[in-house]
Amino acid sequence: MKLPTTVVPEDGGPPLPRVPAALARRFQQVCATMVGDAIAGDGVAQLEYGSLFALEIEPGIDQRRLADAMGIDPSSASLIADRLEIQGLIERRINGADRRARQLFLTRKGQGLWRRLRVKSRVANMAVLAPLAPHERELFLDMLIRVIQGNWRHARPGGGRRK
């Protein structure tokens, strides 16, 4: 049985090519829009929120590891850290093992904002997966993680751009 190469949504939306890259791009747009709308008005952009998330998961992360965690280049991570520090949401500390490196930590203000945004983000992420049955949501996330981990070496800033 041959799978169709294109799916035409019943709701009148544009045709969807049945290939991972095109579907992943559209899925990313859906996620970015829904989470972005949920956190709008709280003074941080989505990558800044993602950075707060990373600092909550790994307090003391350095800027290079933050860039890796976010899938962005180190200079972008530095600019994001600058903006968050100016807002009083994070602080930089000198790494005792490598005095050239700076560790990043959430401030009390940053922790408070993170807690508020986490709730809004969780609701938005649940809405993203709402078209799936509860057991499908877990399966979808498990499979998505497996695909990403199996292709990790290809997850890099600028991947897919013209050289």
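The values are calculated or read from the model by the stated rules, or taken from the named source; none is laboratory data. Values in this document were obtained by computation on a predicted structure and should not be read as measured data. Note: ideal-geometry Cβ built from the backbone for every residue, glycine included; neighbour counts use all protein chains shown.
Does segment 97-115 include one or more residues that are under 16 Å from the mean Cα position of the chain (by Cα) and surrounded by 10 or more Cβ atoms within 10 Å (Cβ to Cβ)? Yes: segment 97-115 contains one or more residues that are under 16 Å from the mean Cα position of the chain (by Cα) and surrounded by 10 or more Cβ atoms within 10 Å (Cβ to Cβ).
Summed over segment 48-67, residues that are assigned to a helix (DSSP H, G or I), farther than 18 Å from Lys109 by Cα and either of a type outside the set (Lys, Arg) or touching a His at 6+ places or on another chain (Cβ under 7 Å) (or both) total 3.
In the set (1) aliphatic (A, V, I, L, M); (2) closer than 23 Å to Ala124 by Cβ; (3) surrounded by 13 or more Cβ atoms within 10 Å (Cβ to Cβ), Ile57 fails one condition alone, (3). If the condition is being surrounded by 15 or more Cβ atoms within 10 Å (Cβ to Cβ) and farther than 11 Å from Pro59 by Cα, then segment 80-90 contributes Ile80, Ala81, Arg83, Leu84, Glu85, Gln87, Leu89.
When Asp68 is tested against (1) at pLDDT 90 or above; (2) surrounded by 15 or more Cβ atoms within 10 Å (Cβ to Cβ); (3) not hydrophobic (A, V, I, L, M, F, W, C), just one condition goes unmet, and that condition is (1).
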